[in-house]
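The values are calculated or read from the model by the stated rules, or taken from the named source; none is laboratory data. Every value quoted in this text rests on a predicted model; they were computed, and no experiment measured them. Cβ atoms come from the backbone with ideal geometry, glycine included; neighbour counts cover every protein chain shown.
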Ligand SMILES: [Zn+2]
């Protein structure tokens, strides 16, 4: 989901026609319709179709599905949490080395005899305590968001 999709969802705090949303955002109706179709494919919005008897044209009124959106956000957060926990495990278990330009595993550093082939600096052990601290606080943040979700 892109920021544009999030904007559409925000705009649907009440049911609206696609042309209304387009006017509010100052973008083409076709752009809005594409975004709405993406959201519809994910079951995050639904529409009601009404026929104008004099013109014979159909208008679509879009509604967001708050229950589905909550579920979507929950799944997203769960996946992020899993990802971050795995990343934290990797950081805690693996020793890595760093030079001026990159970060490599012990295997790679050994393979290059502890001299970087790119910047020609010595590889020194990377102190990942800051990375671990950052990951731990991200995990705590996701956990507290999940409690509210
Ligand atoms: Zn380097």
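Structure notes:
- Count of segment 90-107 residues, restricted to those that are modelled with pLDDT of 95 or more and assigned to a helix (DSSP H, G or I), is 0.
- Members of segment 89-101 that are surrounded by 14 or more Cβ atoms within 10 Å (Cβ to Cβ) and within 11 Å of the ligand (Cβ to nearest atom): 97, 98, 99
- Filter pass, residue 69 being surrounded by 11 or more Cβ atoms within 10 Å (Cβ to Cβ) and closer than 30 Å to residue 4 by Cβ: yes
- Just one of the listed residues (52, 75) is in contact with a strand residue (DSSP E or B) (Cβ under 8 Å, 6 or more places away or on another chain), loosely packed, with under 13 Cβ neighbours inside 10 Å, within 30 Å of residue 37 (Cα to Cα) and at pLDDT below 95, and it is 52.
- Filtering segment 109-125 to residues that are exposed (fewer than 11 other Cβ atoms within 10 Å of the Cβ) and either more than 9 Å from the ligand (Cβ to nearest atom) or closer than 11 Å to residue 96 by Cα (or both) leaves only 113.
- Odd one out for residue 60, checked against (1) farther than 16 Å from residue 10 by Cα; (2) assigned by TED's automatic domain parsing to the domain that holds residue 132; (3) surrounded by 13 or more Cβ atoms within 10 Å (Cβ to Cβ); (4) in contact with a helix residue (DSSP H, G or I) (Cβ under 9 Å, 6 or more places away or on another chain): (2)
- Meets criteria (surrounded by 12 or more Cβ atoms within 10 Å (Cβ to Cβ), farther than 30 Å from residue 18 by Cβ, in contact (Cβ under 8 Å) with a residue 12 or more places away in the chain and in contact with a strand residue (DSSP E or B) (Cβ under 6 Å, 6 or more places away or on another chain)) for residue 45: no
- Restricting attention to segment 94-124, the residues that are over 29 Å from residue 80 (Cβ atoms) and more than 32 Å from the chain's Cα centre (by Cα) total 16.
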